[in-house]
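These notes concern the structure reproduced below.
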Amino acid sequence: MADFSIPLAGMQRAEDLLNRTAERLASLPLSTSDAPVDTVDLSAEMVALIEARNMMAVNVKAAQTADEMARRTLDLLG
């Protein structure tokens with residue numbers, strides 16, 4: 001049957017990237033004082049979010065394609 005280990009591993013990497021990015025965004029300071037605070041590069045974080053979304057979409061499509069190929073192979077053999 002179809003081997004889903006590669007798309008599943010890709011989905012896991014996308015999830016990990018999303019979680020790391022979300023943690024960095026969640027750590028943004030809410031202070032409006034003039035005290036110096038650590039900053040997060042929002043453009044880099046947005047790129048990471050888009051990258052995670054695209055990684056997930058590609059791996060979902062790979063899993064769907066593998067499933068469709070397996071289904072068609074069974075139809076041809078059956």
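The numbers here are math on the coordinates, done by the rules we state, and not lab data. The shown structure was predicted, so the numbers you read here are calculated from the model rather than taken from an experiment. As a convention, Cβ positions derive from the backbone with ideal geometry for all residues, glycine included, and neighbour counts pool all protein chains shown.
Assorted remarks:
- With a simple spin-label model that places each label point 7 Å from the Cα along the Cα-to-Cβ direction, the separation between residue 49 and residue 74 comes to 3.9 nm.
- Taken along the Cα-to-beta-carbon direction at a fixed 7 Å, the label points for residue 57 and residue 12 span 2.5 nm.
- Positive-end extreme of charge dipole, the chain - chosen from 70, 50, 11 (charges on Cβ): 70
- Remark: the chain is approximated by an ellipsoid whose semi-axes, taken from the C-alpha gyration tensor as √(5λ), come to 42, 9, 7 Å, largest first.
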